[in-house]
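Have a look at the structure below before the remarks.
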Amino acid sequence: MDFTKDVVVPAALSEILSRIFSFLFDNLATRPAPGARDAHRRRLEQLLGNIGSMVEEAEGRHITNHQLLSHLKALTVGMYRGRFALEVTDLDDATNAAAGDIDDADAVDDCTDTAAAAAAAGKRSFALCSSFNRAKRCRVTRLILSAGAGGRNAAARDSTERLAAVVEELEGLTRDYMSQFIMLVQGYPRKVHRPVTTTLYMDRCVFGRHVEKERIVDFLLRRSPPNRAPFLSALAVVGAKKVGKTTLVKHACDDERVRGHFAAIEWFETPAVVRAGGAPEQTVWESGGPEYLAGVRRILAEPRFAVAGAERSLLVFEDAWPMDESEWAALAASPTSAAFAGGGSKLLFTCRDGDVARIGTAEPVVLETLRQEEYWYYFKAFAFGGADPRDHPRVAAVAREISGHLERTFLDARVLGTLLRANFDARFWRKVLDAIVRCERRPMHVGVLLELLPVRGRLQSYGYCRSPPKFTVQDVLSAGAGGGGGSSEEGFTVHLCRETLYMDHWYSITFKNDDGAAAAPPVL
């Protein structure tokens with residue numbers, strides 16, 4: 001018996017025929033009804049117009065009802081989802097239209113190395129090998145019964161189903177919320193908008209956090225019950241690292257209602273609180289925990305806060321540590337706390353630990369990671385600026401992959417988006433995507449920059465500084481591309497982005513001379 005002829009060949013032919021028929025069935029059997037896609041698109045645009053008007057009206061008023069704020073959150077999420085579905089459809093159309101103009105050989109050469117790197121990292125990335133897949137699909141389509149329309153039919157069917165699903169969801173939202181929501185919202189006073197003082201509007205609005213900000217503002221303006229223990233009125237803002245807790249609280253404190261309500265707003269970082277409760281030179285690494293609560297107690301007892309008749313104050317404690325609940329209860333019922341809270345003063349805690357939330361006198365504000373649809377719009381604003389992604393389909397395909405691989409933190413979008421906009425080239429963007437896919441360091445933008453920047457030396461630190469650094473990321477990249485050398489300094493700092501809300505500081509990364517290797521700043 002010839003095993004190859006009698007067993008292997010029939011099995012292989014059966015598998016090939018099965019795959020061919022499956023391909024034909026998936027791509028030719030089910031076709032969208034003529035005009036269905038355009039009808040769904042028109043309906044979605046109409047729904048987005050209605051929902052956008054509701055959201056704009058609601059965000060322009062001082063809403064204090066938590067149920068209305070929950071409805072507003074649902075409408076905002078649906079609005080971004082609908083906009084995202086429309087944009088993905090347009091980008092797919094532009095990408096498919098541009099695919100026919102790309103030569104197969106160029107497409108394969110353009111991304112073979114990057115696709116191999118992604119495979120080595122064990123992660124799937126569409127944009128890294130999108131050109132290769134396009135070329136491969138074209139050859140397969142030509143070979144199988146010349147079914148050139150199969151892929152386009154499948155793409156059209158997918159986009160039609162995606163639009164139909166979003167239309168159904170948004171119709172449900174408008175049916176549930178439209179009439180009563182608008183009527184109830186109009187009963188709240190309008191906001192008085194102050195002039196925008198920054199170059200990017202998102203520095204003065206809370207992107208994706210409007211409802212959470214209103215909840216904080218409502219707590220801060222709410223009158224506490226007088227002469228009743230516990231005297232302290234506290235709220236915890238809970239969320240993972242780099243999810244935007246401090247930024248959200250800064251926006252709330254910058255609200256004109258809050259600034260007019262409190263005579264003083266003071267911020268306390270963890271090291272300062274620990275030093276106040278322990279030894280003057282004590283560091284957070286030498287503390288066992290009780291010093292933090294002791295520091296809070298000592299701060300509340302300061303004459304400017306605890307003296308009768310003192311002005312109303314808001315104290316914000318960043319990255320608060322867990323505190324013993326019985327000791328906190330004793331502090332909250334003490335005469336010191338009564339004197340502090342007597343004038344209407346309040347406390348805000350930002351923390352990662354849910355245990356801290358239990359010390360609050362109101363339901364904690366919990367921050368979740370931005371949804372993918374919302375994050376895409378935040379990232380796109382930095383990566384494209386005023387450019388329309390539909391005019392740059394190859395770059396847009398890579399941008400969607402980059403947005404999907406990031407951990408949806410605001411700093412990642414700001415730092416990497418600004419870097420991409422300054423180097424508006426598809427090859428460079430795929431290089432950044434390759435670094436993101438393989439990056440294992442956190443925060444991600446630091447790991448990506450360490451791979452991209454042509455710097456000798458080691459990373460010393462990254463964070464905020466009060467004076468502007470001399471060099472930018474683009475300076476370092478340009479010097480490296482031009483073969484520029486540097487002097488043998490102790491180290492240098494690179495500017496990543498600037499933060500102008502509440503205080504003016506620069507987010508930067510600092511490199512230090514390694515033994516025998518000089519950190520080489522660019523020569524300008």
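Summary table below
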| quantity | calculated |
| --- | --- |
| Any chance E318 is under 24 Å from G239 (Cα atoms), charged (D, E, K, R) and touching a strand residue (DSSP E or B) at 6+ places or on another chain (Cβ under 6 Å) | yes |
| Scan of the range 307-366 for residues that are on the phi > 0 side of the Ramachandran plot and in contact with a helix residue (DSSP H, G or I) (Cβ under 9 Å, 6 or more places away or on another chain), ordered by number | D319, G344 |
| Residue in the range 278-301 that is modelled with pLDDT of 85 or more, farther than 27 Å from Y507 by Cα and open to solvent by 70 Å² or more (accessible area, probe 1.4 Å) present | yes |
| Selection within the range 390-417 - open to solvent by 10 Å² or more (accessible area, probe 1.4 Å), more than 14 Å from the chain's Cα centre (by Cα) and not charged (D, E, K, R) | H392, P393, V395, A397 |
| Complete set of residues in the range 177-234 that are part of a loop (DSSP other than H, G, I, E, B), at pLDDT 85 or above and open to solvent by less than 50 Å² (accessible area, probe 1.4 Å) | R209, L232, S233 |
| Spans of helices (runs of 4 or more DSSP H) in the range 421-482 with at least 3 residues touching a residue at least 60 places away in the same chain (Cβ under 8 Å) and under 24 Å from E407 (Cβ atoms) | 426-438 |
| Failed item, numbered, when F379 is tested on (1) farther than 26 Å from T409 by Cα; (2) free of Cβ contacts under 8 Å to residues at least 40 places away in the same chain | (1) |
| Any pair with Cβ under 8 angstrom, 6 or more apart, that starts in the range 252-264 at a residue that is over 14 Å from E214 (Cα atoms) and ends at one that is open to solvent by 50 Å² or more (accessible area, probe 1.4 Å) and not in a loop (DSSP other than H, G, I, E, B) | H261/L221; A264/R304 |
| Some residue of the range 82-95 being open to solvent by less than 40 Å² (accessible area, probe 1.4 Å), of a type in the set (A, V, I, L, M, F, W, C) and not in a helix (DSSP H, G or I) | no |
| Number of positions in the range 483-515 that are part of a strand (DSSP E or B), modelled with pLDDT under 80 and over 21 Å from the mean Cα position of the chain (by Cα) | 3 |
| Matching option when the condition is modelled with pLDDT of 90 or more and open to solvent by less than 60 Å² (accessible area, probe 1.4 Å), among L68, L44 | L44 |
| Checklist (1) modelled with pLDDT under 85; (2) within 16 Å of R175 (Cα to Cα) applied to A74, failing item | (1) |
| Breaking point among (1) of a type in the set (D, E); (2) open to solvent by less than 50 Å² (accessible area, probe 1.4 Å); (3) at pLDDT 85 or above, for E256 | (2) |
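The values are calculated or read from the model by the stated rules, or taken from the named source; none is laboratory data. It should be emphasised that the depicted structure is a prediction, and the values quoted were computed from it without experimental measurement. As a convention, Cβ positions derive from the backbone with ideal geometry for all residues, glycine included, and neighbour counts pool all protein chains shown. Calculation scope for accessible area: heavy atoms of the full protein, side chains included, ligands and nucleic acids excluded. Shrake-Rupley method; radii C 1.70, N 1.55, O 1.52, S 1.80 Å.
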